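Structure record follows, encoded as structure tokens.
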Amino acid sequence: MPAVLAIITLIYLISAVQLGPPMKAGNMTASFFPIATAILMLVALICAMAHALRGPVEGSAEETVAGETADDVESTEGASVGRQYLGLSLGAIGVIVLTAGYLLAFDLIGYFVATFVYVLLLSSVFGGGFREKGLTKLIAAIVITVAGYLLFEVVFQVRLPTLWSQ
């Protein structure tokens, strides 16, 4: 899975580089954010692939602090603490898939929609779904999206893609 996402991210990075240089006359250009995001994603995917190739660390996934196995914790709490696929937990896979989707959606549907949905979905992955504190997650997604927009558009003066400018 990380290798497939790395290929997709590499294609995205090549596309972002074709927009032009990330810096021009000491200022960030429109390609800066997509290039930076793609590079960070590639670094994370390389780390994930290296971790998967090394295999599980002895004792880390097998035992908890209390000496219970991951299966004991899973059965008593109903959580998938010990489940891993290709050396990655379900949460890590969710973050990788969401980030790859965000990278692809950023240019297609614009900053506002892509970022809002990405932040909302990430908060649900880390915060136990939409049912727990749904209103708080919705407000946080709006605040983070607006703050990112203000940072790039106003402070850095970098034009972000929008749905209405497509």
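The values are calculated or read from the model by the stated rules, or taken from the named source; none is laboratory data. Predicted model, so just to flag it, every value in this text is computed and none were measured. Cβ: placed from backbone, ideal geometry, glycine included. Neighbour counts: every protein chain shown.
Might you let me know whether the stretch 127-134 holds any residue that is modelled with pLDDT of 80 or more and not assigned by TED's automatic domain parsing to the domain that holds M49? Talk me through it step by step, then tell me what you get.
Of the residues in the stretch 127-134, the ones modelled with pLDDT of 80 or more are 133-134.
Those still in the list that are not assigned by TED's automatic domain parsing to the domain that holds M49 too: 133-134.
So far as the stretch 127-134 goes, yes, one or more of its residues are modelled with pLDDT of 80 or more and not assigned by TED's automatic domain parsing to the domain that holds M49.
Listed here are the residues, each with its yes/no results for (1) surrounded by 14 or more Cβ atoms within 10 Å (Cβ to Cβ); (2) modelled with pLDDT of 85 or more; (3) under 16 Å from the mean Cα position of the chain (by Cα).
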position: K24; (1), (2), (3): no, no, no
position: V57; (1), (2), (3): no, no, no
position: T64; (1), (2), (3): yes, no, no
position: A70; (1), (2), (3): yes, no, no
position: V97; (1), (2), (3): yes, yes, yes
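Taking the stretch 131-153 as the search range and keeping residues that are closer than 14 Å to F116 by Cβ and free of Cβ contacts under 8 Å to residues at least 12 places away in the same chain, which one is surrounded by the most Cβ atoms within 10 Å (Cβ to Cβ)? Can you show your working first?
So the first thing to find is which residues in the stretch 131-153 are closer than 14 Å to F116 by Cβ, and the list is 137-149.
Of the ones still in play, those that are also free of Cβ contacts under 8 Å to residues at least 12 places away in the same chain are 139, 143, 146-147.
Details: I139: 11, V143: 11, V146: 13, A147: 10.
The residue in question is V146.
Is it the case that L88 is aliphatic (A, V, I, L, M), surrounded by 18 or more Cβ atoms within 10 Å (Cβ to Cβ) and over 13 Å from the mean Cα position of the chain (by Cα)?
Yes, satisfied.
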